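S.K.: Okay, handing you the structure first.
Nothing in this text is a laboratory measurement; each read-out follows from the coordinates by a stated rule. All values derive from a computational prediction rather than experimental measurement. All Cβ positions, glycine included, derive from the backbone under ideal geometry; neighbour counts span all protein chains shown.
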Amino acid sequence: MKQAFAGEAVEFVLDYPTPEGTTWLALSCLPIKLDGVFDGFVGISQDTTMQRREQERLQGEGDELALLYIDLDHFKAVNDTLGHAAGDQLLQGVARRLQRAVRDTDLVCRLGGDEFATLLTGVCDAAIARSVGDKVLAAVGRPFELEGQNRQVGGAAPCRHGAADRLTG
């Protein structure tokens, strides 16, 4: 705060305990100058607790990460024959299955179109990443009921070899 009262722009984070756990508050102090002379500062605060908790959840068991990538097979055929509403329903179903196939500390996201990625936290062994990848592909490979029809889309997961095995499966 001494820096803010001296006319400097400063940013800092305060953390304090609450019954629900730690709360984080990000503060920014911006100087106000009138005719080039410091006249005070404006303080801006933002509760960043939710962002911090999500970061902690995603960091999981350590710094090791594995990335699984899946590109759906036959998605275009669903969109073309059953329509975009059915295609959207399929994508939502795939996302739910992916989320159920991995742990709460893992992150599932749709990259766009019919492509999904899953970030596995705390995984540095390629064999474990491949095992989870097999589980994910099996989940996506089961038929989906769309517009009263069973449709099977499946997926392809490109795999890299060598050092990249630590990152993709």
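S.K.: Within the range 47-56, is there a residue that is surrounded by 11 or more Cβ atoms within 10 Å (Cβ to Cβ) and hydrophobic (A, V, I, L, M, F, W, C)?
M.R.: no
A quick yes/no check of all residues on (1) part of a strand (DSSP E or B); (2) touching a residue at least 24 places away in the same chain (Cβ under 8 Å); (3) over 26 Å from Trp24 (Cβ atoms):
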| site | (1), (2), (3) |
| --- | --- |
| Glu54 | no, no, no |
| Ile70 | yes, yes, yes |
| Ala86 | no, yes, yes |
| Gln89 | no, yes, yes |
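S.K.: Are there any pairs, at least 6 apart or on different chains, whose C-beta atoms fall under 6 Å, with the first in the range 22-35 and more than 19 Å from Gln3 (Cβ to Cβ) and in contact (Cβ under 8 Å) with a residue 12 or more places away in the chain and the second not small (Gly, Ala, Ser) and not in a strand (DSSP E or B), and if so, which?
M.R.: Pairs found: Thr23/Thr49; Trp24/Thr48; Trp24/Thr49; Trp24/Arg52.
S.K.: I would also like to ask the following. Is it the case that the range 1-18 has a residue that's out of contact with any Cys (no Cβ under 8 Å at 6 or more places or on another chain), in a loop (DSSP other than H, G, I, E, B), surrounded by 13 or more Cβ atoms within 10 Å (Cβ to Cβ) and of a type in the set (Gly, Ala, Ser)?
M.R.: yes
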